[in-house]
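Asks: Can you read through this structure? Questions will come right after.
Just so you know, all these numbers are worked out from the coordinates, no wet-lab data involved. What you see is a predicted model; the values in this text were computed from it and never measured. Virtual Cβ from ideal backbone geometry, glycine too; neighbours counted across all protein chains shown.
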Amino acid sequence: MTDPRTPAEPGPVDPDLELASAHLDGEAGPDERARAEDPVVRVRAAELAAVAERVRDVPAPPAGLLDDHVARALQDFDADATVVPLGRDRKASWSQRIPLGAVAAALVLVALVGVVGLASRAGDDDDAADTATAALEGSEDEAAERSAGAADDAGGTATAGDSGEAMEESATLEAEADMGAPGMRAAYDSYDALADDLRAELGAPAPSAGQTSGTSEAMADDGTDAAGDEDPCGAVGLLELDPASVLVVRTVLVGPELVTVVVHDAEDGRRLVAVDGSCTVVVDRLL
Amino acid sequence: MAAAQRGDRAAMDVLLRRHHERIWAICRRLAGNDADAADATQEAMLLIVRRIGTFDGRSQFTTWAHRVATNACLDELRRRSRRPAAPLPDDDAEGRRATPDPSPPMDQAVSDRLAVDAALAALPEDFRVPIVLRDLGGHDYAQIAAILDIPPGTVRSRIARGRARLAELLDPGNQPTPADRPTTRP
C-alpha cells in the first residue's frame, strides 16, 4: 500500500484530466467551458464521474451509532463544554495554560504537609497531629478529585488531536471551566445595572491603599473574585494593573455579550473596566 | 448553532444529529472500515462540542465542522497506524479459511465498496482528503482550500490526479495511458 502520507506527486497534471475533473465539479472557469465540450474531455469526465459516484456510495452507519455518538458528545457538553464567546483570542497566556484548580489543590497540599510536619515536631500532642492529618486526608480527596477532573480534560483532548493542539485545547477548557457554567453567570441589561450591583456589593471606596489591599485579599479568600481567576483574557495583565488594586475580576453577561469585568482602585477613584471576548476594552469608567 | 454556542443542550443535540451522517461518511471513506470510522466520528463529535465556542462565523458552520472532523479523523487514523495493523478485508482469517471459497459470491455492492476502500487507502492522503471532502462533504474547491489550508488551484489538481489514480486502481484494464490518450492540443 502507498504510504498514505506521501506528498502529492510533483509535475504538471494532464490538462484534459484537470479540466474534466473541474468541469465535473462545476469548477471550470468561463473560458474553459467551451473546451470542456471537447469529446476527449467529455469521455474523461464520464470516467471520473463514475469514480466519484463509487466514492459517494458509502455504507450507512451501524444502527444505534448516531444515538451513541450524540449521547456521548452531550455528556461531554454537560460536563465540560462551557461556551467560549465569539471571537475570543484562543492564544492563552502561559498563566492561563496552567490548570488553576490543580495548582490551588497542590498549594493546599503543600501547606497542610507543612502543618503536619510542625505538629509532629511539636512532640506528643496527638490531638493536633490527628486534626492536621484529618485535614490533610480531606484535602487529598479534594485534590484527587480536582486532579482527576483535570486529567479527564487533558486525556479526553489528547485522544482527540495532536499533542500540541491537545494541550491548547486542554488549557482552554481549563480556563473555561474556571469561568463557571454559563447558567451561573450574572447577567445585566446594561453597564449601569452592572455598576449599581457592584457598588452595592463593594460598598464605599476604600480610603487608603492598605484598606484596598485588605479588601482584595478578603475577596480572594472568598474564592470568587481573586485576581487572575475568571480572567480568560488576562485582563489584569492586559490593563497593566497592580494586582493589589484589583477588587473584582468576574465574567458576566451584559446584554448579549460575555465580558470580563475588572473593578480596581485608581488615582481618580474606583474604576469599572470591561474586556470583551476578543480581549478588547469595551468599557472603562468610574464606578 | 448560536443557541448551541450559548450552551443550549437541545440545540446542540439537533446540531450534532444534523451533521452526523455527513461526518460519518467523510470518516468512513478516510478510514476505510466501519470500526475506525465509528471511533473517528465519535472523536469528531466530541471535538465539535468542545470547540464550538471557537467558531466565529467567518465560514459556514458545515465547513468549520468538517474541518474539525477531518482533522479528528486523520489524527485518529494516524494513532491507529502506529499500532499493529488490523488485517485487510480481503486478507482476514475468514478469507484465508475459505480458500478456495465455497461460499456464494460476495454481494456486488459490498465487493464494490471494499474495492473503493482499498483504492482510496492506496491514495496518498494529499489526494484522498480533497476527494472525500468534494464527493462526500459536498464542498466546493474554495471551501476545501480553506479546510485544508492550501490554494484552490492545488485542490483542483489534487482532486483531478486523485480521481485519475482511483480510476486506474478500480478499473485497471480500461484506462488510457498518457501516451495513447488523444489530446485536443497539438
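Asks: Within 10 Å of each Cβ in peptide B:122-134, how many partner chain Cβ atoms are there on average? Round it to a whole number, please.
Replies: Rounded to a whole number, the mean comes out at 4.
Asks: Shape verdict for the stretch A:42-82, please, from the Cα gyration tensor: rounded (a/c under 1.5), prolate (a/b greater than b/c) or oblate.
Replies: On the way: a/c = 10.70, a/b = 2.99, b/c = 3.58.
Taking the square roots of the gyration eigenvalues as a ≥ b ≥ c, the stretch A:42-82 is oblate.
Asks: With θ set to phi - 60°, apply the Karplus curve 6.51 cos²θ - 1.76 cosθ + 1.60 along the stretch B:51-56 and write out the HN-Hα couplings as whole Hz, x wherever there is a Gly or Pro.
Replies: 10, 4, x, 8, 6, 9
Asks: Mind listing the long-range amide H neighbours of A:VAL254? Cut-off is under 5 Å, sequence gap 5 or more, other chains count too, H placed in the peptide plane at 1.01 Å from N.
Replies: Result for A:VAL254 returns A:TYR188, A:VAL259.
Asks: Enumerate the calculated ³J(HN,Hα) couplings along the stretch B:125-142 in order (Karplus 6.51 cos²θ - 1.76 cosθ + 1.60, θ = phi - 60°), each rounded to whole Hz, writing x wherever the residue is Gly or Pro.
Replies: 4, 4, 8, 5, 5, x, 5, 5, 5, 6, 7, 10, x, x, 8, 7, 5, 5
Asks: Still on this model: What list do you get for B:ASP39, A:ASP25 if you sort them by fewest beta carbons within 10 Å?
Replies: Numbers: B:ASP39 19, A:ASP25 23.
Ranked by crowding around the Cβ, least crowded first: B:ASP39, A:ASP25.
Asks: Separate question: Take each of the peptides B:155-161, B:143-149, A:38-44, average the number of other beta-carbon atoms within 10 Å over its residues, and list them starting from the highest.
Replies: Details: B:155-161: 25.4, B:143-149: 19.4, A:38-44: 17.4.
Result, highest mean first: B:155-161, B:143-149, A:38-44.
Asks: In nm, what is the difference between 0.36 nm times the number of residues separating B:ARG78 and B:ARG17 and their Cα-Cα distance? All intermediate terms of the calculation are to be shown ahead of the outcome.
Replies: Values: separation 61, 0.36 × 61 = 21.96 nm, distance 2.61 nm.
Once the chain is fully extended between B:ARG78 and B:ARG17, it gains 19.4 nm.
Asks: For A:VAL248, which sequence-distant residues (separation of 5 or more, or a different chain) have an amide H within less than 5 Å of its own amide H, given hydrogens modelled in the peptide plane?
Replies: Counting only residues 5 or more places away or on other chains, the set is A:VAL263.
Asks: A follow-up question, please. Calculate the mean, over all residues of peptide A:20-28, of how many other protein chain Cβ atoms lie within 10 angstrom of the residue's Cβ. All intermediate terms of the calculation are to be shown ahead of the outcome.
Replies: Working: counts 3, 11, 6, 0, 4, 11, 2, 8, 1.
Neighbouring Cβ atoms belonging to other protein chains average 5 per residue here.
Asks: Under a 5 Å amide H to amide H cut-off, with H placed in plane at 1.01 Å, what residues pair with A:ARG270 once short-range neighbours are removed?
Replies: Under 5 Å from the amide H of A:ARG270: A:LEU287.
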